[in-house]
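Worksheet: the structure to be examined is printed underneath.
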Amino acid sequence: MQRKEFLKQLGFGSLIVPVFLACDSAGDELLNSDGSTSGSGTTGSCTVTNSETAGPYPTKNPSGLQMEDIRSDRTGVDLTVELTIQNKNAACAVLQGAIVDIWHCDKDGNYSEYSSFSSVHFLRGRQVTDSNGKVGFTTIFPGWYTGRATHIHVHIYSATGTSLLVTQIAFPEGSSSAVVLVNAATAKGYTKGMSGYTYNSNDNVFSDGVSTELASVTGSVNSGYALTHTIVVNG
């Protein structure tokens with residue numbers, strides 16, 4: 001894709017943005033040629049969040065989805081998502097003005113904008129971080145599909161539209177975890193249960209570890225869950 005077309009999709013028109021490469025303290029390059037980052041590094045007390053694939057269902061036109069409530073017509077167990085973005089290059093200070101896109105599947109494992117749902121845009125949204133480096137979304141607890149653990153995709157850009165990090169959020173697991181309890185909630189429409197579920201340790205994205213990608217999830221099936229997570233980028 002031409003850079004000008006990419007920036008138009010981000011809603012920045014013909015703004016020309018300089019390209020730069022961010023490196024960790026050991027000199028490892030963390031910004032790939034496609035704009036995504038990879039690997040991790042530390043400065044001070046924070047660790048850069050691992051990068052992951054955006055595919056196979058990235059948001060096609062995220063600039064048109066600037067909203068906090070991303071549920072659309074999808075039903076399920078309520079979930080609020082609060083993300084804090086920190087800048088490793090500024091001694092782990094919060095990053096104000098960063099553009100944050102998230103997307104995930106519905107309770108049955110379906111993504112919008114693809115296949116049978118190509119004309120709808122549920123469970124996708126964009127927000128800009130506030131002075132505390134935070135964004136918040138109202139959504140539903142993701143379901144799962146074969147080969148993947150429960151997860152949420154995230155793409156973070158600078159205020160001018162430069163890609164800083166593509167990553168994914170992992171969920172805690174265990175017998176009393178939200179993942180297990182939600183997938184047993186047939187009254188809420190979650191019909192798959194845990195039979196055939198792929199756990200983080202066997203997931204093709206998370207199997208190398210989730211230390212920088214594991215969220216905190218609290219709440220209940222009836223009252224809904226709250227997910228909080230900090231993501232560290234090279235801003």
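Nothing in this text is a laboratory measurement; each read-out follows from the coordinates by a stated rule. Note that the coordinates shown come from a computational prediction; the quantities given were computed from them, not determined experimentally. Cβ: placed from backbone, ideal geometry, glycine included. Neighbour counts: every protein chain shown.
Worth a mention:
- Positions within region 97-151 being surrounded by fewer than 17 Cβ atoms within 10 Å (Cβ to Cβ), over 14 Å from the mean Cα position of the chain (by Cα), more than 17 Å from residue 198 (Cβ to Cβ) and among the hydroxyl-bearing types (Ser, Thr, Tyr), in sequence order: 114, 115, 116, 118, 119, 131
- Qualifying residue in region 207-225 (condition: in contact with an Asp or Glu (Cβ under 7 Å, 6 or more places away or on another chain), without any contact (Cβ under 8 Å) to a residue 40 or more places away in the chain and not aromatic (Phe, Trp, Tyr)): no
- When residues of region 61-93 are limited to those that are assigned to a loop (DSSP other than H, G, I, E, B), in contact with a helix residue (DSSP H, G or I) (Cβ under 8 Å, 6 or more places away or on another chain) and of a type outside the set (Val, Ile, Thr), the one surrounded by the most Cβ atoms within 10 Å (Cβ to Cβ): 76
- Unmet criterion (only one of (1) touching a residue at least 60 places away in the same chain (Cβ under 8 Å); (2) over 16 Å from residue 166 (Cβ atoms)) for residue 114: (1)
- Considering region 162-193, the residues that are of a type outside the set (S, T, N, Q) and exposed (fewer than 14 other Cβ atoms within 10 Å of the Cβ) include one that is nearest to residue 57 (Cα to Cα), namely 193.
- Residue 205 more than 15 Å from the chain's Cα centre (by Cα) and not in a strand (DSSP E or B): no
- Among the candidates 217, 232, residue that is part of a strand (DSSP E or B) and farther than 23 Å from residue 110 by Cα: 232
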